[in-house]
Amino acid sequence: MVYPAFVPELEVIIGLEVHAQMSTKTKMFCGCDNDAFGKQPNTTVCPICMGHPGTLPAPNATAIEKAIKASLAIQCSINLSNHFDRKHYFYPDLPMGFQISQYDFPLSSKGSVTYDIFDASGNVIESKECGITRLHMENDAGKLTHKGSTTLCDYNRAGTPLMEIVTEPDLRSAEDAVSFAQELRRILIAVDASEADMFKGMMRFDASISLREKGTEKLNPRSEIKNLNSFKSLERALEYEEKRLRKAWEKDDGPLPGDITVGWLDDDGKTKMLRDKETADDYRYFPEPDIPPLEFKQKEIDTIKAALPKLPREMKEEYMSQGLDEKQALQLIDQAALQTMFTAIREKTDAKRASSLVLTQLLGFLNAAEKEVAEGPDADAMLELVSKIDDGTISGNAGKDVLEKMVETGKNASTIIEEEGMQQISDDSAIEALVQQAIDANPKAIEDFKGGNEKALGAIVGFVMKESKGQANPGKVNKILKKLI
């Protein structure tokens, strides 16, 4: 009789390499435009980023400062003396034939990021910490497009300044990996180190996953999943690869025999074997001869650190202290445009009203119109709407209608109010005439009110609002009504 092999309890070990494009005007080592998205292929290039003989790279000081900001925000220690290295590998999207990166002496090392795990309702159920091994700087490669047997090369991205953030193998599930990556993205955006717009390819992940027997400390050979460009693909790829590795363990009675590199096929929902994993020896690292070592003084680092803005966790606590819930706070933190609107409106009114306008009404109308936040009214347009409500030009209810039309048409509040004839009636004599008309038309309501039924006045107010097509000032209607009866 053949007994099934015993399979021990296994735990998942995950580490990430996060590549984030730094938000600079120019590339890492030349003066070319750093915004290549949507541009015609091979139009934002020059002899330097194309690696022509005789050209010399010059490091982008702004990129270095942004990388320092990001390092400090994730609790890394800045290495006051560090340098660039050449990382050699041949691939058609790498015009220099090597990448300028950092190896032995990176910009920073030994940090950590605290992140939260949420339940289905958006409430925090657990806080965890992931160690950061290092943050180093490098330049990006170009983009390859495969069409049948033809491969097209677009070098617009070649030379783009990147931060590579390498974690410790501290993540224990796909959910952990996604939650960590989302918090890291918030941090990079908060300190203006990267826009981290994943739609534009500004943030990508390489995820390494392995299994080991629970209770042991040994790290087994890993499977590295390359170039994941969304949180969804990161989650799906890790979940798939975990299942694949578990089946392989059961079949072969153990972990992978060696490190491998796989690619994620998003349409097929599975990984594809690419090659055995490269080692540092394969890349033949050596110090970049054309760029002198970077030397910093602690005083310079302290000055940058002192100027850092509030980090996402601190911002979240502040929003929640104003009465917002966890989900609302994260909505503001995750979208800079919403945060700007909320902050501007918050200066004019209370947090509850500001969140209602921005997170409930505006987002509701944008979703209904199938539009992105960038396609809707900006902070100035929202402030104009608030002022029109506050100065009595329109009522709060009419303000909702105006906002909906602002989203639909792109017009500002003043234009819509004028075109639609939505100005609120605030003239005392005009309102008094409407109220008197309502009193004459509703004698029973007046009788009920005088008999002690306060709610009876609702019929009178409703009559006035109907006759005025909702344009009578409700506050003045109530005031004048009570005066007349």
Practice problem: Return only the number of the condition from (1) assigned by TED's automatic domain parsing to the domain that holds Gly323; (2) over 16 Å from Leu338 (Cα atoms); (3) of a type in the set (A, V, I, L, M) that Leu434 does not satisfy. | Solution: (1)
Quiz prompt | Those helices (runs of 4 or more DSSP H) lying entirely in segment 265-336 with at least 2 residues under 24 Å from the mean Cα position of the chain (by Cα), without any contact (Cβ under 8 Å) to a residue 12 or more places away in the chain and not assigned by TED's automatic domain parsing to the domain that holds Thr62 | solution = 312-321
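Given Ser233, Ser208, which one is touching a strand residue (DSSP E or B) at 6+ places or on another chain (Cβ under 7 Å), of a type in the set (Ser, Thr, Tyr) and not in a strand (DSSP E or B)?
Ser233
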Quiz item: Which number in (1) under 30 Å from the mean Cα position of the chain (by Cα); (2) surrounded by 15 or more Cβ atoms within 10 Å (Cβ to Cβ) marks the one condition that Asp119 misses?
Solution: (2)
Self-check item: From the options Leu162, Leu152, Leu135, residue that is in contact (Cβ under 8 Å) with a residue 60 or more places away in the chain, part of a strand (DSSP E or B) and in contact with a helix residue (DSSP H, G or I) (Cβ under 6 Å, 6 or more places away or on another chain)
Solution: Leu135
Practice problem: Evaluate segment 51-64: report whether one residue or more is modelled with pLDDT of 95 or more, farther than 30 Å from Gly254 by Cα, crowded, with 21+ Cβ neighbours inside 10 Å and assigned by TED's automatic domain parsing to the domain that holds Gly131. | Solution: yes
Quiz item: If you take the residues in segment 122-164 that are of a type in the set (D, E, K, R) and over 30 Å from Leu94 (Cβ atoms), which one is surrounded by the most Cβ atoms within 10 Å (Cβ to Cβ)?
Solution: Lys128
Quiz item: Of all residues in segment 86-110, which are modelled with pLDDT of 95 or more and either over 27 Å from Leu144 (Cβ atoms) or surrounded by fewer than 16 Cβ atoms within 10 Å (Cβ to Cβ) (or both)?
Solution: Phe105, Pro106, Leu107, Ser108, Ser109, Lys110
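The values are calculated or read from the model by the stated rules, or taken from the named source; none is laboratory data. All values reported here derive from a predicted model rather than from experimental measurement. No Cβ is skipped: glycine too gets one built from the backbone with ideal geometry, and neighbour counts run over all protein chains shown.
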